[in-house]
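One structure is given here, and the rest of the page talks about it.
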Amino acid sequence: MGSDARATADDVTALLRPAQLSDVAEIVRIERTSFADPWSEESFERILGGQAAIFHVVVVPPESAVVGYIIAFSVGEDAELLNVAVDPDYRGRGFAGQMLDAVLIQLDGIGVRTAFLEVRESNRAARALYGSRGFKEIGRRRNYYRRPVEDALVMRLQLEPAGDEKESAGSFADR
């Protein structure tokens, strides 16, 4: 392993990290540009103050600007994805999918077996993203969204239980 294998700061296009209180102003800005009925600053602060949430931001160098965020809650074997948003200037670069993938891996790692979410029926981009990760439509919540009033599609993903590494990969003693 030579030093050529290491990424430099110039090679990094984005970093996913836990959200911090200092990120809230940027998160609120992204929220307001992304949703017709945005959450309040206090809502994000409450989530950051709780222990149960998975709340990550994606930042880009060199300024480490927050350009997206994702929030999920889990209880036992179930989780709900509450929000995924990317700054309009950074959409189309795969950040939403990368955040979603990372959170799904994290949820799987803590024993979550089923993830749920609601999405506006008209939000084709989000529906395509979720569908590409295996989420399936399982229901509809009539008039769920305000501003404008619209149905929410309820989607579910069954996470695969992590396999037993000994069984699948063998051990050094078996070779």
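All other residues with a Cβ under 11 Å from the Cβ of Leu104 taken together, and with Lys, Arg as +1 and Asp, Glu as -1, what is their net charge?
Here the charged neighbours net out to -2.
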Per-pair calculated FRET efficiency, R0 = 30 Å: Asp108 and Asp37 via Cβ, rounded to 0.05: 0.45
Computed [θ] at 222 nm, helices only, for the chain once each DSSP H run of length n ≥ 4 contributes -39500 (n - 2.57): -8000 deg cm²/dmol
Subtracting the Cα-Cα distance of Asp101 and Ala125 from 0.36 nm times their residue separation yields 7.0 nm
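Of the heavy-atom accessible surface of the stretch 16-175 (probe 1.4 angstrom), what whole percent is carbon and sulfur?
49
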Rounded if a/c under 1.5, otherwise prolate or oblate - the stretch 34-131, Cα gyration tensor axes: rounded
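Which is the longest stretch in the chain that no exposed loop site breaks, taking sites as GluC sites (Glu not before Pro) with a DSSP loop state and at most 16 other Cβ atoms within 10 Å?
After excluding every exposed loop site, the longest remaining stretch is 1-62.
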Compute and list, largest first, the equivalent-ellipsoid semi-axes of the chain from the alpha carbon gyration tensor, each √(5λ) rounded to a whole angstrom. 29, 24, 15
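Rounded to the nearest 20 debye, what is the charge dipole size of the chain about its Cα centre when +1 sits on each Lys and Arg Cβ and -1 on each Asp and Glu Cβ?
Using Cβ point charges on Lys, Arg, Asp and Glu, the chain gives about 620 debye.
The values are calculated or read from the model by the stated rules, or taken from the named source; none is laboratory data. Every value quoted in this text rests on a predicted model; they were computed, and no experiment measured them. We place every Cβ from the backbone using ideal geometry, glycine too, and count neighbours over all the protein chains shown. For the accessible areas, the whole protein counts, side chains as well, though only heavy atoms, and no ligand, DNA or RNA atoms are used. Shrake-Rupley method; radii C 1.70, N 1.55, O 1.52, S 1.80 Å.
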